[in-house]
Each structure stands twice: as structure tokens, then as C-alpha cells.
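Presented below is the structure to which this report refers.
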Amino acid sequence: MSVFSRPRRALTLVLVLLTTLALSLAAVRAQDEKVLVIGAAEFLDSMDPARSYSPTGIITLNATYDTLVTFPPDTADSFVPRLAASWEASEDGLTYTFTLREGVLFSDGSPLTASDVVFSFNRFKNIKGNPSFLAATVESVEAPDDATVVITLNASDPAILAKLAAWPFSVVNPEVVTANGGTDAADADTTDTADAWFSTASAGSGPYILESYEKESQVVLVRNTNYWGTAPYFDRVILQNIPESAAQKVALEAGDIDIALDITPDQIEAIDAIDGLSVYTTGSFTLHYLAMNRNAEFGGPLADPKVEAAVRAAIDYEGFRQLAGPGAVTPAAMLPVGMFGAYGTDKAPVRDLDAAKALLAEAGYPDGFETTLEYPTYTQEGLNIETLAQKLKSDLAEAGITVNLVPGDIGTFIEKVRAGESGFFLVWWQPDYLDPDNYLYFLPGRNGGTRAGWLEADAEASLLELRDKALTETNPEERVKLFAEVQDYWIANGPYAPYLQGSIQVGHNDNIVGVFRHPQWLIDVAGLSRVE
Amino acid sequence: MPLHLYIVRRFLFAIPLIIGITLVAFIIANAVPSDPVSANLPEKSQNDPEIVAAFRREWGLDKSLPEQYVTYLGNVLQGNLGRSIKTKRPVIDDIRQFLPATFELATTSIITGLVLGVGMGIISAVWRGKLVDYVTRTVALLGVSFPVFVLALLGLSILHAQLGLAAGPGRLDVRITKPAAVTGLYIIDSVIAGRADILANALSHLILPSLVLGVYTSGLISRITRSSMLEVLGAEYVRTARSKGLSERVVIMRHAFSNALIPVVTVIGLSFGNLLSGAVLTETIFSWPGIGRYAFQASTSQDFPAIMGISMLIAIIYVGVNFVVDILYFFLDPRIRLA
């Protein structure tokens with residue numbers, strides 16, 4: 001038909017164009033420099049160390065700035081020097097003195113001295129930004145000389161080194177930051193305007209510098225030629241935003257990216273099956289738990305400690321581990337396996353339905369009862385919370401407890417939980433800093449306890465005494481003992497049922513070697529290299 | 001009515017409409033029982049009244065709702081859309097960054113949808129009841145009903161990862177630096193920069209998402225085209241044209257199609273408006289840094305200034321698209337000019 005002769009010509013044209021494109025695409029070759037491309041869903045609130053509280057921020061800031069101390073490359077149970085060559089704590093645990101490493105330069109070539117640390121820490125504290133709670137115990141920071149930093153605390157803080165190892169305590173170049181609107185003044189929360197500038201460049205002493213950042217697209221890091229430590233292998237590191245894990249898998253398969261950070265447990269098999277690709281799995285510190293409100297007005301039957309114990313006995317822990325995939329474990333108590341002082345998996349609870357039923361009968365519910373479980377609709381580390389809730393529903397049904405599931409938007413859910421008005425809820429906890437101190441939150445009189453209606457007034461005096469000792473003791477050996485006591489208490493008592501510790505999957509090209517996951521830094525890009 | 005008066009009148013009508021939309025958006029955003037504090041501050045910070053107070057002060061959340069709205073409107077009139085809580089940048093800068101990506105994709109998608117849809121529509125109208133009609137109608141139905149994300153993932157997996165025929169996620173290859181921003185449209189910016197390689201790369205990245213969105217859009221367009229064509233093909237003047245001995249091509253394209261265009265233009269306009277206001281799923285899967293993802297993130301983080309800015313933008317887009325459609329009517333149908 002002559003009617004379509006013109007469209008046909010157009011079609012031929014389009015085909016020719018497409019072929020040309022495919023060819024020119026193949027002609028684009030990677031440059032000579034060593035480039036690492038990481039595909040990750042971008043979660044970024046700020047590139048300013050004093051304001052950032054997000055995964056993409058953590059990865060970038062660790063690569064571009066230095067903290068006084070840090071963790072070993074693959075664990076978080078001890079501290080190693082970074083900017084500080086050595087440090088010591090005073091007898092009363094209120095004064096920490098750090099001696100700085102010699103010869104450290106900022107990326108612009110100017111020397112890093114103790115007064116820069118003072119500026120950075122004061123700025124962080126005064127900005128009152130998202131992570132500023134980490135500086136709550138810091139009373140003052142002083143620099144008696146160029147190589148010495150003295151931090152005075154307003155109260156004993158056993159977790160202070162863990163906090164100092166976190167990104168908000170990054171040391172920034174005051175000259176550069178001040179020139180771009182930054183200040184360490186007491187009113188920095190209203191006068192510091194450097195936030196936007198931090199998204200365009202970096203002012204640190206880390207192995208990389210921030211070359212560019214385009215929101216929702218990519219973060220580009222290039223080697224810092226003035227870096228004081230061992231030079232990293234890659235000249236350039238690109239964090240490419242790929243929000244969807246299925247698309248990350250495709251990009252990894254096609255060779256667009258070297259590492260995919262957000263792989264889900266159900267993708268492991270498919271990726272492992274592809275030649276040249278692997279999935280690295282490890283446990284995460286995310287603690288999934290159930291909370292039962294001690295306030296009978298909200299908790300109903302669940303306010304009874306015997307019922308709490310029955311719920312703990314009725315959970316099919318092994319089934320949850322299988323659901324979460326390799327790397328997932330069952331924690332012994334409200335302290336994740338791998339954290340300093342935490343029990344190992346040998347103390348993990350096991351399911352005992354008979355015990356659960358007996359406990360329910362003892363509590364006066366021989367035929368069980370009906371209740372509602374609230375949880376947020378969310379996907380955490382590739383785990384759909386809905387799936388977890390459904391499994392809990394069926395586990396508890398076997399013990400005679402009928403659970404009605406009530407999903408909610410995460411914001412609304414959290415608000416109800418925070419008000420202490422949720423009777424039975426399923427949520428998870430990620431540490432704000434890598435110290436067990438973070439988990440004492442789940443004791444009476446602390447916020448986690450209050451949310452579950454577990455108030456100081458109703459708690460045993462001995463437990464409160466133990467809590468206060470654990471909060472202030474700084475001697476590591478004593479701390480291990482105290483945390484063992486706290487965990488023993490949680491195993492038998494309390495309004496929580498920790499049922500799963502999540503896992504992390506990182507997909508990568510086999511030619512990339514290094515540590516693919518750090519509990520604090522998520523991924524330390526300076527520690528990765530490529531085998532040719 | 002003369003064209004320029006018509007334009008002025010339409011423009012004046014749009015102003016109360018857009019202000020009304022900001023009010024509705026403001027009320028809805030505030031009615032959601034979720035607090036920007038809990039959406040944006042980490043758990044521990046929320047327990048520190050000083051940090052929470054600093055956050056509320058910074059974002060004006062310490063003021064009463066009417067006060068917040070009036071301040072907002074006042075700022076908007078001065079061309080200030082406020083600062084996004086999430087990105088901490090002026091909302092106008094965010095829109096300037098994300099809108100071109102969406103505009104580029106929406107344009108190539110609507111062209112794809114138009115070519116496919118109008119083509120299929122004419123074919124199935126001309127061969128009504130024949131096999132080719134059933135096939136194109138089935139394809140059109142699949143286009144509308146097939147989930148976009150499945151199509152997108154299939155496309156990526158087969159055409160990109162397996163066969164390497166189309167580029168993957170993103171607007172450019174990871175290692176390619178974007179062209180200097182003039183319009184924000186990579187196709188145009190790369191031409192301005194004189195970089196054929198970037199142009200080719202940007203086009204290759206547009207292929208898959210445009211196909212996915214184009215196929216989706218073509219389903220609707222082809223159905224409307226078909227029914228509109230069938231109506232016209234049965235009209236007296238088409239029979240007259242045929243009896244005059246005009247070629248089939250002239251009869252179909254000039255006599256029938258140009259008269260069947262009005263409903264087709266309407267649906268194309270609406271589809272384009274829809275594409276311009278952001279295709280969240282497609283943008284997510286293709287890692288396309290567009291307005292749809294921005295809108296999605298703004299709503300999940302209760303980012304009021306961004307939510308308001310996007311609501312206004314989308315209102316303006318629809319008003320604008322409808323306006324262009326009306327102007328097209330003006331040229332397509334002489335009766336409208338006379339009315």
C-alpha cells in the first residue's frame with residue numbers, strides 16, 4: 001500500500017540510527033585511569049559531616065575525611081589510630097587526650113593541626129544537626145599545642161571512642177569551610193550556611209576528594225594526592241545511584257558497575273550463577289524485634305511477663321534465619337551478635353511450643369487470646385517487613401495466639417510507638433554508633449523501655465542499679481561482665497522478643513577484592529582493588 | 001474570538017487555579033498524620049529537644065499553619081519556592097535539575113507513543129475486522145495493561161545485559177561526564193558542546209525508557225485513533241472523496257485522518273502531561289533522575305516546600321498542555337475559530 005511508504009522510510013531511518021548508536025556505544029572505551037563503579041540506592045541528606053545522617057553520606061565522608069580514631073578494616077570491636085597516633089583517658093574517664101599523627105595535610109596541602117580538630121568538633125556540636133546527639137557528652141575540646149587535643153566530657157561516657165570514630169567527628173579544613181559560610185560559633189545552628197557547599201567539594205584529609213555530586217545521579221571521588229596514608233588503588237570512585245535492586249543486578253551483569261550494594265536475599269542465587277560475579281554476605285547489626293507494651297491499657301494480655309515469655313518461646317527462630325538468607329543470625333538478647341560484649345549465637349533462643357502453651361495457661365490464657373500487631377510497611381535490607389509480620393502471625397497462631405496484622409505508614413507508626421501507645425509492635429533497631437551502650441536504650445527509664453510501657457517506677461531496683469553501672473563503667477573487662485548480666489536479664493525478662501538479626505548482600509565482580517562491608521563505614525572504598 | 005484575546009483569557013483563568021492547587025496541596029500535606037520531624041531526624045536526635053527545636057525553627061514548622069501558608073504564598077509571589085527539607089536546596093533549583101531529565105524522556109516517549117499509537121490506530125481502522133486489526137488491538141491492550149516495571153526490567157535484562165543493544169540505567173554511561181548544563185537536556189547540551197559521543201550516548205540511554213513509556217502510551221492513543229478514524233471513515237465526505245477517484249492514501253491521510261485528529265490530539269496532550277509530571281516507576285527502575293522520583297521522595301519525607309513546588313509545577317504543566325491542545329484545536333477545526 002502506498003499509504004505507508006513514508007512511514008516505512010522513516011522506520012528504515014530509525015533502524016539505521018539505532019545501529020549507528022549501538023556501534024558508537026561500543027566504541028566508547030573506559031579511560032586508562034583505574035575506576036571503581038559502585039551501584040547503590042542513593043540515600044543522602046547532606047554531605048556536611050556535621051549534618052549528614054545517611055548511608056551515601058557515610059560512604060563518601062569516610063573516603064574524604066579522617067576521624068581521630070577508627071575501627072579495624074573488617075570489625076568494629078576495637079579501635080585503631082587514624083588522625084590520632086595515640087590517646088589516653090584520665091582516671092575518672094572524663095578527660096581524653098589525643099596526640100595527633102605528624103605530617104598530615106588537608107587535600108589543599110595545608111597542615112592539619114589540633115586547632116582544626118577543635119574547630120571541627122565545636123562546629124559539629126553547635127550546628128545541632130541530625131547527628132549532633134553524638135556530641136551530647138562532649139563538654140569542651142581544647143588544643144594546648146599543635147599536636148594535642150584534649151576532650152573533656154560532662155559525664156562518664158563509655159561509648160565516647162565509638163562516637164569519635166563516627167563520621168560527624170570528621171576533621172574539616174577550617175579555612176576552606178569558613179570561606180564557604182561555615183562557623184564553629186555557639187549560634188552555628190542559625191549562622192552556618194556551608195551545607196550546600198559541602199555537596200560541591202570536600203575539605204578533608206582522607207584518601208579521596210569529592211570531585212562532583214549530582215543529586216540522584218552520581219557521587220564522583222578522585223584520589224587525594226596529598227593523602228598521608230597508603231595511596232588507594234583506584235584513581236576514581238563513582239557511586240552511581242541505582243535505586244532498584246533488580247536494576248542493580250542488571251547493571252552488574254552488563255558490567256556497568258563493579259559492585260552492587262543493595263542486593264536482596266532472593267537475588268543471591270541468580271547472581272552467583274552468573275560467570276564472573278559473586279555475592280558477599282555477612283550479618284548486619286540490624287536487630288529485628290517485637291515489643292509488648294507493659295501498660296495493660298495498650299498491651300492487654302501482652303502486659304503480663306508470662307505472656308511475654310510465651311511469645312519468645314513460640315517464635316520459629318530458625319525459620320526467620322532461612323527467610324533472611326545467608327548471614328542472618330538469631331541474637332541472644334537485645335544486643336546484636338558481633339557487638340562488643342554481646343553473646344554469640346550459642347546463646348540464641350530456640351523454639352519451644354510446649355513451653356509457650358504452658359506459660360500461656362499459667363498466665364490464665366489456656367485457649368490463647370486475640371491481639372493486633374502493628375508494623376510499618378517498609379523494606380529493610382531487602383527484607384519486606386510485611387513478610388516478617390506474616391510469619392510471626394503464623395508462628396504465634398501455633399501457640400494459640402491469634403494475631404491481626406495492622407500495617408501502617410512508617411511515619412505514623414513511629415509516632416504512635418513513640419507516644420507509648422502501641423500495644424504490640426514489630427520494628428527494628430540499627431545502632432547509631434558501634435557500642436553496646438546504644439542498646440541500654442531498651443531498659444526501664446530509657447526511651448526504648450518507655451515506648452514499651454516499661455517504666456522506672458515498675459522496675460526492680462537491682463535492674464536500675466545494673467543499668468546505671470553499665471551506662472557509666474569505662475573499664476572494658478568490667479563492661480563485658482555488666483553487659484552479660486544485662487543480657488541474662490533480657491533473655492528471661494522484659495517486654496521484647498528479638499527474633500532476627502539481618503544480613504547484608506553485596507554483589508560484586510570477581511575481579512574486585514577487599515572488604516565489601518564494614519559495620520561503621522558500610523563500604524571502605526579506599527580498601528578495594530582490582531585483580532587484573 | 002481573536003487568538004490573542006483567547007490566550008490572555010486562558011492565562012488569567014490559570015492563576016486562581018494554581019493558587020487553589022497550592023492550598024489543596026498544603027492542606028493535604030499537613031493532614032497526613034506524620035511529622036516531618038520523625039521523617040527527617042534520626043531516632044536519637046528526636047529525643048533531644050534542642051535539636052528538634054532547631055529543626056522546626058529552620059524549616060518554619062514552629063509557626064501556625066495559616067501563618068506558614070501565607071508566608072509561603074508571599075514567597076511564591078516573589079519567585080521563591082522555598083528550600084527543600086530533604087535536599088536542603090532551593091526547590092526551584094531542584095526542579096531546574098530534575099525537570100529537564102523528565103522533559104527529555106517525556107518528549108521521546110510521547111513521540112514513540114504517537115508513532116506507534118497513531119500508526120496502529122490507522123491500520124486497525126482501515127483494516128477493520130481483519131486479522132491485522134485484531135493483532136494491533138491486542139498489542140494495544142497489552143501495552144496499556146502490561147505492568148510498566150515488568151516491561152522495564154525485561155527490557156533492561158534482555159536488550160541491555162544480554163544483548164547489549166540498548167544502554168542501561170541512568171541518563172549517560174557511568175564513566176561519561178555530562179555536558180555543560182545549558183538547557184539541562186543532554187540531547188541539546190551535547191550538541192551545543194559539540195560532543196557527538198555524548199549525544200549518541202544520551203540517545204542510547206533514552207531508547208529503553210522511551211520504548212517502555214511509549215508502548216504504554218501508544219495503547220491509549222491507538223484505541224482513540226481507531227475509534228475516531230472509524231467514525232470519520234463512515235462519513236459522507238469520505239465516500240465523496242473516494243467517488244471522485246482520489247487515491248486511497250489521500251483519502252485516508254488528508255480527508256479522514258486530519259478530521260479524526262481532534263480526540264487524538266486531546267489524548268496525546270493528556271498523556272504528555274502525565275509523562276511530564278513524572279513516571280515514578282519507570283524513573284526508579286531506569287535510575288532516571290527526574291521529577292517523578294523527586295516528587296516521590298518529597299512525599300515520603302514530608303518535605304512540604306518540595307511537595308508544594310511540585311504540586312504547582314504539575315498544575316502548570318497540565319494547564320500548559322491543555323492550553324497548547326486548545327490552540328491546536330483552533331487550527332485543526334475552523335468551527336472553534338468561529339465560535
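The values are calculated or read from the model by the stated rules, or taken from the named source; none is laboratory data. Bear in mind that the values here come from a model prediction, so they are computed numbers and not experimental data. All Cβ positions, glycine included, derive from the backbone under ideal geometry; neighbour counts span all protein chains shown.
Listed values, structure above:
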{"item": "Elements of type helices (runs of 4 or more DSSP H) contained in the range A:80-192, each with 1 or more residues being free of Cβ contacts under 8 Å to residues at least 24 places away in the same chain and β-branched (Val, Ile, Thr)", "result": "A:174-179, A:188-191"}
{"item": "Exclusive hit being crowded, with 24+ Cβ neighbours inside 10 Å and over 17 Å from A:ALA389 (Cα atoms), set A:ALA303, A:ALA314, A:ALA333", "result": "A:ALA333"}
{"item": "Residue that is farthest from A:TYR489 (Cα to Cα), among those in the range A:399-421 that are more than 14 Å from chain B (Cβ to nearest Cβ) and in a loop (DSSP other than H, G, I, E, B)", "result": "A:GLY400"}
{"item": "Candidate set: the range B:189-206, residues that are more than 7 Å from chain A (Cβ to nearest Cβ) and of a type in the set (A, V, I, L, M); chosen: the one nearest to B:GLY143 (Cα to Cα)", "result": "B:LEU206"}
{"item": "Test result for B:ARG293, part of a helix (DSSP H, G or I), closer than 30 Å to B:GLY168 by Cα, at the interface with chain A (Cβ under 10 Å from one of its Cβ atoms) and of a type in the set (D, E, K, R)", "result": "yes"}
{"item": "Residues (of a type in the set (S, T, N, Q) and surrounded by fewer than 20 Cβ atoms within 10 Å (Cβ to Cβ)) located in the range A:510-532", "result": "A:ASN511, A:SER529"}
{"item": "Count of the range B:37-59 residues which are out of contact with any Leu (no Cβ under 9 Å at 6 or more places or on another chain), more than 8 Å from chain A (Cβ to nearest Cβ) and either at pLDDT 80 or above or in a helix (DSSP H, G or I) (or both)", "result": "3"}
{"item": "The range A:481-528 - residue that is among the hydroxyl-bearing types (Ser, Thr, Tyr) and assigned to a strand (DSSP E or B) and, of those, nearest to the chain's Cα centre (by Cα)", "result": "A:SER503"}
{"item": "Count of the range A:172-196 residues which are β-branched (Val, Ile, Thr), in contact with a Ser or Thr (Cβ under 8 Å, 6 or more places away or on another chain) and closer than 22 Å to A:PRO207 by Cβ", "result": "1"}
{"item": "Single match in A:SER52, A:SER46 (criterion: surrounded by 24 or more Cβ atoms within 10 Å (Cβ to Cβ) and either part of a strand (DSSP E or B) or touching a residue at least 40 places away in the same chain (Cβ under 8 Å) (or both))", "result": "A:SER52"}
{"item": "Test: residue in the range B:69-85 that is without any contact (Cβ under 8 Å) to a residue 24 or more places away in the chain, within 13 Å of chain A (Cβ to nearest Cβ) and closer than 30 Å to B:ASP189 by Cβ", "result": "no"}
{"item": "Search result, residues across the range B:145-188 that are of a type in the set (Ser, Thr, Tyr), more than 8 Å from chain A (Cβ to nearest Cβ) and surrounded by fewer than 21 Cβ atoms within 10 Å (Cβ to Cβ)", "result": "B:SER145, B:THR177, B:THR183"}
{"item": "Options A:ALA273, A:ALA296, A:ALA254, A:ALA247: the member that is surrounded by fewer than 22 Cβ atoms within 10 Å (Cβ to Cβ), on the phi < 0 side of the Ramachandran plot, within 13 Å of another protein chain (Cβ to nearest Cβ) and of a type outside the set (Asp, Glu)", "result": "A:ALA254"}
{"item": "B:GLY278, sole failed condition from (1) part of a helix (DSSP H, G or I); (2) out of contact with any Leu (no Cβ under 8 Å at 6 or more places or on another chain); (3) surrounded by 23 or more Cβ atoms within 10 Å (Cβ to Cβ); (4) in contact (Cβ under 8 Å) with a residue 24 or more places away in the chain", "result": "(1)"}
{"item": "For B:TRP288: the one exception among (1) closer than 30 Å to B:LEU159 by Cα; (2) part of a helix (DSSP H, G or I)", "result": "(2)"}
{"item": "Among the residues listed as B:LEU199, B:LEU206, B:LEU211, the single one being within 27 Å of B:ARG128 (Cα to Cα) and not hydroxyl-bearing (Ser, Thr, Tyr)", "result": "B:LEU211"}
{"item": "Lone qualifier among A:GLU421, A:GLU456 - being surrounded by fewer than 17 Cβ atoms within 10 Å (Cβ to Cβ), of a type outside the set (A, V, I, L, M) and without any contact (Cβ under 8 Å) to a residue 60 or more places away in the chain", "result": "A:GLU456"}
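One line per residue, one yes/no per condition, for (1) outside the structural domain of A:VAL513 (by TED's automatic domain parsing); (2) modelled with pLDDT of 95 or more:
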| position | (1), (2) |
| --- | --- |
| A:ALA201 | no, yes |
| A:GLY204 | no, yes |
| A:GLU216 | no, no |
| A:TRP228 | no, yes |
| A:PRO232 | no, yes |
| A:PRO265 | yes, no |
